[in-house]
1. Would you please give the residues with an amide H less than 5 Å from that of Arg110, counting only those at least 5 places away or on a separate chain, with H modeled from the backbone geometry?
2. Using only C-alpha atoms and all pairs of different ones, pull out the Kirkwood radius for the range 171-232 in Å with one decimal.
3. For Gly204, which sequence-distant residues (separation of 5 or more, or a different chain) have an amide H within less than 5 Å of its own amide H, given hydrogens modelled in the peptide plane?
4. Run down the lysines and flag those whose C-alpha is under 21 Å from the C-alpha of Lys247, throwing out any fewer than 8 positions away in its chain.
5. How long are the three semi-axes of the equivalent ellipsoid of the range 177-384, in whole Å, if each is the root of 5 times an eigenvalue of the C-alpha gyration tensor, listed from largest down?
6. Which far-off residues, 5 or more places away or on another chain, put their amide H under 5 Å from the one on Glu145, with H placed in the peptide plane?
7. What number results when the radius of gyration of the range 2-165, computed over Cα atoms, is divided by 2.2 N^0.38 Å?
8. Before rounding to the nearest 500, sum -39500 (n - 2.57) across all DSSP H runs of length at least 4 in the chain and divide by the residue total; then give [θ] at 222 nm in deg cm²/dmol.
Amino acid sequence: MDKVLIVRYGEISLKGKNRYQFENRLLDNMKAALKGLPQRKIEKTYGRIYVDLSDAEHADEMIQRITRVFGIHSVSPAQSVPLDLGAIREEARQQMARMNPSTFKVETSRPYKRFPMTSPEVSREVGGYVLSQLPDWKVDVHRPEVVINVEIRQEGAFVYSEQIKGLGGLPVGSTGKALLLISGGIDSPVAGWLTMKRGVQPVGLHFHSFPFTSERAKDKVVDLCRILTSYGRSFRLYVNHFTEIQKAIRKQCPEEFYVTLMRRMMFRLAEAVALQEKALALVTGENLGQVASQTLESMAAINEVTKLPVLRPLITMDKAEIIELACQIGTYETSILPYEDCCTLFLPKHPATRPNLERVREAEEALDIPGLMEESLAKTEVINL
């Protein structure tokens with residue numbers, strides 16, 4: 001008999017001929033998540049992955065790490081037994097004997113159709129045996145407090161009573177790479193997390209305006225990226241020197257267009273880094289109508305400078321929903337630390353919320369865009385997490 005963790009995946013099971021690619025990526029990500037723990041056997045069968053749980057000392061830590069891997073629908077600590085009714089019944093009895101008496105029912109699934117009993121027959125036999133051995137338990141098929149699950153598969157029978165929900169989605173890295181424009185605020189880390197859930201491997205780009213923003217502001221972004229890394233395998237962060245660009249915009253351009261011109265420069269720089277990284281899209285934490293640069297007119301004016309698609313996962317969410325998700329994924333407490341980013345320090349009193357594209361282009365003519373970009377990119381720092 002072996003203690004195993006049954007790992008189930010959701011969307012991957014709907015894939016066609018390329019399903020194996022998603023499964024293999026999921027296996028790699030699981031192994032990376034378990035790095036540092038004692039090495040253990042991981043087996044893949046059709047529709048299931050089994051992880052050896054014989055080392056009880058690290059079982060809780062393993063489950064916690066694995067449920068943070070995108071692509072996993074749920075997991076169950078289970079006992080595997082031979083394909084024998086007597087062994088199945090006795091294992092169910094032993095598991096329930098360790099619990100306080102309550103109401104229960106037995107649910108059986110039988111992917112292995114050569115087993116001589118049907119699913120309802122197995123459930124009746126196991127439930128009847130448990131009642132005969134543990135008379136304090138009561139059957140409730142409608143609202144049981146405990147459900148004993150029996151899975152009959154070709155590789156054996158599995159008995160368990162717990163299903164722990166995973167994050168779902170697709171394995172990180174299975175749908176390509178994108179460049180995440182990440183600030184120290186609440187929104188952009190959540191946007192990065194949501195794109196990771198759809199299988200995207202993010203590469204971070206942070207705009208740092210030293211000495212106007214402190215080293216602590218940069219460290220805060222690094223800490224946010226570390227949190228995102230805990231949901232994936234690795235994270236590369238580019239820290240861009242944005243000071244001279246902001247000074248040039250402030251000196252040479254109309255105040256009402258500061259935000260629009262800064263964002264256009266950011267997107268130009270992001271596209272350059274994305275092409276270097278072979279990333280296929282840009283990702284931002286922009287919402288609709290939240291600040292001056294987040295109107296449709298502003299987004300259209302900003303998007304003009306890049307040919308890459310721009311993903312905005314938060315576009316329909318209100319602030320309360322974003323904050324709630326930030327709390328769930330663990331980024332909120334870091335995001336609210338009082339170290340300002342470069343955007344908040346250079347806000348004009350009356351930013352243009354519906355910038356006219358022709359006027360924006362005219363304002364930009366005062367800038368040496370190629371020279372500013374070359375200097376900025378040359379001072380960019382790369383941090384691998």
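1. Here the answer is Ile152, since their amide H atoms fall under 5 Å of that of Arg110.
2. Details: mean 1/r = 0.0838 Å⁻¹.
Over the range 171-232, the inverse of the mean reciprocal pair distance is 11.9 Å.
3. Those qualifying (amide H under 5 Å, at least 5 residues apart or on another chain) are Leu180, Arg236, Leu237, Tyr238.
4. Filter leaves Lys218, Lys349, Lys379.
5. Details: eigenvalues 127, 69, 56 Å².
That gives 25, 19, 17 Å for the three semi-axes.
6. Under 5 Å from the amide H of Glu145: Thr103, Phe104.
7. Details: Rg = 16.6 Å, N = 164, 2.2 N^0.38 = 15.3 Å.
After normalising by residue count via 2.2 N^0.38 Å, the value is 1.09.
8. Working: 14 runs with 152 residues, N = 385.
Roughly -12000 deg cm²/dmol at 222 nm, from the helical runs in the chain.
Bear in mind these aren't lab numbers, they're just calculated from the coordinates by the rules spelled out. Bear in mind the structure is a predicted one, so any value in this text is a computation, not a measurement. Cβ sites come from the backbone with ideal geometry, for glycine too, and all protein chains shown count toward neighbours.
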